[in-house]
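The structure follows.
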Amino acid sequence: MKDYAKYSFWMETSGDDLTPRPALKRSCDVDVAILGAGYSGLWTAYYLLRSNPGLRVAILEKEIVGFGASGRNGGWCSSRFPVTPGMLEKRFGPNLARELLLAMYSAVDEVGRVCEREHLDVDLCRGGILSLARGAHQLPLIQDAHSIYFRLGLGDHCELLTADQAIARIKATRVYGALFSPDGASLHPGKLVRGLARVVERLGGVIYEQTQVTDFRPASFITSGGELRAQRAILLAGEAYLSRIPRMHRSVLPMYSLITLTEPLTGAQWATIGWENRESVASNRLTVDYLTRTHDGRILFGSRGAPYAFGSKITDEQDLHEPTHANIQGALVEWFPSLKGIKFTHNWGGPVGVPRDWMPSVRFDPATRIGVICGYTGQGVATSNLAGRLMAGLISGRPTGLESLPLAQRQSPNWELEPLRWLVVRYMQTALQRIDESQQGRPRPWDAGIAEFLMKH
């Protein structure tokens, strides 16, 4: 049996027994069948069972609860939607953009409410989100974002900070300013996903682990242990792993995000950094970086950068990529030079599901009774709660007030066929890396305009 604790610090310290639950051994009937025991599937099951006591809900999971992104992420419960406010406004207009962002703010609050109601101790800290401009070239990005929030009538949800104000919160190098939003939290994702599974079971749901879905039909999942037939709906909520199902292979692209974690810092070390409010911190690099101060006093630093594998391949070997992890560890010390020589206790990673237009989808077809949730691009902790509430309403036919949101009842275009997919994605990965490096003193790449155009299309 796999050692599931090794897949992330969060799973290792979830405080939960990671012994797999029994697998599906025979064909059976339920009302709703769900593929994927991560946040999307669990939130949907939770809200279905809360509003429909006695409903027969079963979840199928190839590994164990939280094996995927739900148990490996950076610990952000963020109000940020995977698509930027400016792009939302451009695609859907100011009213729908504002409505969606307000729903995201509410989703952060809702996660906290559920944890309190269900007595889930997930180390929740409402520290907000601090987006740093590290370098003068990043200042226009946070200034533009601030202007867009005000234009959408959401100015009270963000604050533009000077360099001194930002450094008073966190003493990182090369800080030129920051955008602060109070609408965000950090938490222990392993405790959340494992605890939510226990709540679903307490409400009457059944979770089958070690059960691989090989195909699906309008009213059933075909598994290695039998057929799970559903009277009302089946839901595909496997995120990046949906690409393993032949019919869903091009719907999402598995893009790896990698994380490193320090040993607990001493009081003297924290004094050189500050960060007393435990904000979720990021800069504005195109290749992404995200930092979390954990409940036990460590620094988590995550980034993109692991190479995309031909054919959307997903393997355990890709979770650890020595050059990328080394770069991340070097970046952490560059942010905080006083931590030179710090020990790193954990490295891990995993795939996030990226749709072709970067826009999450929550759709349910009453005719076929098939539902799909996917496409968080690595920002799924709060977004999955919003998506799960919406999906539960679509399945049960009960309005939630979320049906008008742009992610409802939509489908992203498919990714290109290989080898074009591999060529474009690998080009984009290297091009964005070169652009980031050029903004730190190197010449701007000749093809930067091409890469930036492709990023928006």
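All of the numbers you see were taken from the coordinates with simple rules; none came from a lab. Computed from a predicted structure; not experimentally measured. All Cβ positions, even for glycine, are placed from backbone atoms using ideal geometry, and neighbour counts span all protein chains on display.
If each of His119 and Met428 carries a label point 7 Å out from its Cα toward its Cβ, how far apart are those two points in nm?
Label at His119, label at Met428, 4.6 nm between them.
Could you give the nm distance between label points at Ile245 and Trp358, where each point is 7 Å from its Cα heading toward the beta carbon?
Going from the Ile245 label point to the Trp358 one covers 2.6 nm.
Non-local amide H neighbours of Ile34 (under 5 Å, H modeled in plane, Pro and chain starts lacking H): which ones?
Residues meeting the criterion, in which the H sits 1.01 Å from N, are Ala58, Ile59, Leu60, Leu235.
Return the FRET efficiency for the residue pair Phe150, Leu420: r is the Cβ-Cβ distance, R0 is 56 Å, and the value is rounded to the nearest 0.05.
Between Phe150 and Leu420 the formula returns 0.90.
Follow-up. Provide the FRET efficiency to the nearest 0.05 for the Leu96-Ala268 pair, computing r from the beta carbons and using R0 = 51 Å.
Calculated transfer efficiency: 0.55.
Per DSSP H run of n ≥ 4, the term is -39500 (n - 2.57); total these for the chain, divide by its residue number, and report the mean residue ellipticity at 222 nm rounded to 500 deg cm²/dmol.
-10000 deg cm²/dmol
Next question, about the same structure. Could you list, in their original order, any pairs among Lys25/Lys313; Lys191/Lys340; Lys62/Lys313; Lys6/Lys171; Lys25/Lys191 whose Cα atoms are separated by more than 20 Å?
In this structure, Lys25/Lys313; Lys191/Lys340; Lys6/Lys171; Lys25/Lys191 lie more than 20 Å apart at Cα.
Another question, then. In nm, to one decimal, how far is the modelled label at Ser27 from the one at Arg398, with both set 7 Å along Cα→Cβ?
About 3.2 nm, to one decimal.
Take the Cα radius of gyration of the chain and divide it by 2.2 N^0.38 Å, with N its residue count; two decimals is plenty.
Working it through for the chain, the quotient is 0.94.
Here's something else I'd like to know. Where in the chain are the DSSP H helices whose alpha-carbon span along the long axis reaches 15 Å or more and whose Kyte-Doolittle mean is at least -1.0?
39-51, 94-117, 139-151, 189-202, 322-335, 381-396, 420-438
Okay, moving on. Would you mind working out the magnitude of the charge dipole of the chain relative to its Cα centre, with +1 at each Lys and Arg C-beta and -1 at each Asp and Glu C-beta, to the nearest 20 Debye?
Charge dipole, the chain, about its Cα centre: 640 debye, nearest 20.
Neighbour counts of other C-beta atoms within 10 Å: give me Met104, Met248 arranged from fewest to most.
Final ranking by Cβ density, sparse to dense: Met248, Met104.
Can you tell me how much longer the chain between Gln409 and Asp3 gets when fully stretched, taken as 0.36 nm per residue apart minus their C-alpha distance, in nm with one decimal?
142.3 nm
Another question, then. So if we plug the beta-carbon distance of Ser224 and Glu159 into 1/(1 + (r/R0)^6) with R0 = 56 Å, what FRET efficiency do we get, rounded to 0.05?
It comes out at approximately 0.60.
Specify whether the C-alpha gyration tensor of segment 377-422 places it in the rounded, prolate or oblate class, a ≥ b ≥ c being the square roots of the eigenvalues: rounded for a/c under 1.5, otherwise prolate if a/b is larger than b/c and oblate if not.
Taking the square roots of the gyration eigenvalues as a ≥ b ≥ c, segment 377-422 is prolate.
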